[in-house]
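Visitor: Handing you a structure now.
The values are calculated or read from the model by the stated rules, or taken from the named source; none is laboratory data. Model, not experiment: these values are computed from the prediction. Cβ sites come from the backbone with ideal geometry, for glycine too, and all protein chains shown count toward neighbours. Areas reflect the complete protein model, heavy atoms only, side chains present, ligands, DNA and RNA absent. Shrake-Rupley method; radii C 1.70, N 1.55, O 1.52, S 1.80 Å.
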Amino acid sequence: FTHYAADPVFIRTFLMTYKSFTTVDELFELLVQRYQIEPPDNLKPAEIEEWTKLKQHVIRSRLVVTFSEDS
């Protein structure tokens, strides 16, 4: 999943076909790992704040949308 742009068609297609290459448990584990993404170690405090807003928050928001798409 990209964290730069939402693609509802891709998400729907992915959720309809993922069982052809992975299991529900494995996909869930990978999405949880993605949700728990942490900033790179070499960032300064101001960079961590920016990374959190521009990367982590976006990634987490998109994953929540992905989980809600399949309900």
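Visitor: In whole percent, how big is the carbon plus sulfur part of the accessible area of the chain, probe 1.4 Å, protein atoms only?
Guide: Here it works out to 60 percent.
Visitor: Using +1 on the beta carbon of Lys and Arg, -1 on that of Asp and Glu, and nothing else charged, what's the dipole of the chain about the Cα centre, debye to 20?
Guide: Using only the charged Cβ atoms, the result is roughly 200 debye.
Visitor: Something else about it: Would you compute, from DSSP H runs of 4+ residues alone, the mean residue ellipticity of the chain at 222 nm, taking -39500 (n - 2.57) per run and dividing by the full residue count, rounded to the nearest 500?
Guide: That comes out to -17500 deg cm²/dmol.
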